[in-house]
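Just so it is clear, none of the values below were taken in a lab; they were calculated from the coordinates. Here the structure is a predicted model, which is why all the values come from computation and not from measurement. Heads up, the Cβs are rebuilt from the backbone with ideal geometry, glycines too, and the neighbour counts pull from every protein chain shown.
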Amino acid sequence: MASRHKRPISGTAVLLFLLLSACSLLPVKIADIKAHPDRFENRTVTVRGKVTSVTKMPFMTEGFFTLDDGSGEITVTTSGALPAEGQERTVTGKVQTALKILDKHVGLVIRENP
């Protein structure tokens, strides 16, 4: 009868997997997103900063707020509760561009994950 030898998963492989899984949870600088929008387009990122303005449009399910992390500002769209101005907030969501004209990204936003 042939015996099967199971090879244990190394601790290094597990650690590498956990680190790679957590990469999208580490905060990205807003300045980096704005400087390299093609690199972040349609990718999930996490940003952290201070809410500088909040907008809720009547008859719309989504609201908007501006987040400033000290390196720059970006608009965040959310279907959740809007934060108060001055509140520190961590946001995870997908980077999207409203319009791209001649390699220029216009209306760069983060659509917050529900």
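Descriptive notes on the structure:
- The charge dipole of the range 27-112, taken about the Cα centre with unit charges on the Cβ atoms of Lys, Arg (+1) and Asp, Glu (-1), comes to about 140 debye, rounded to the nearest 20.
- Sum of side-chain charges, T75 neighbourhood, beta-carbon under 12 Å (Lys, Arg +1; Asp, Glu -1): -2
- Order of I74, I101 - criterion: other Cβ atoms within 10 Å of each residue's Cβ, fewest first: I101, I74
- Cα gyration tensor category, rounded, prolate or oblate, for the range 27-112 with a/c compared to 1.5: oblate
- The length gained on full extension between D38 and E85, counted as 0.36 nm times the residue separation minus their Cα-Cα distance, comes to 14.0 nm.
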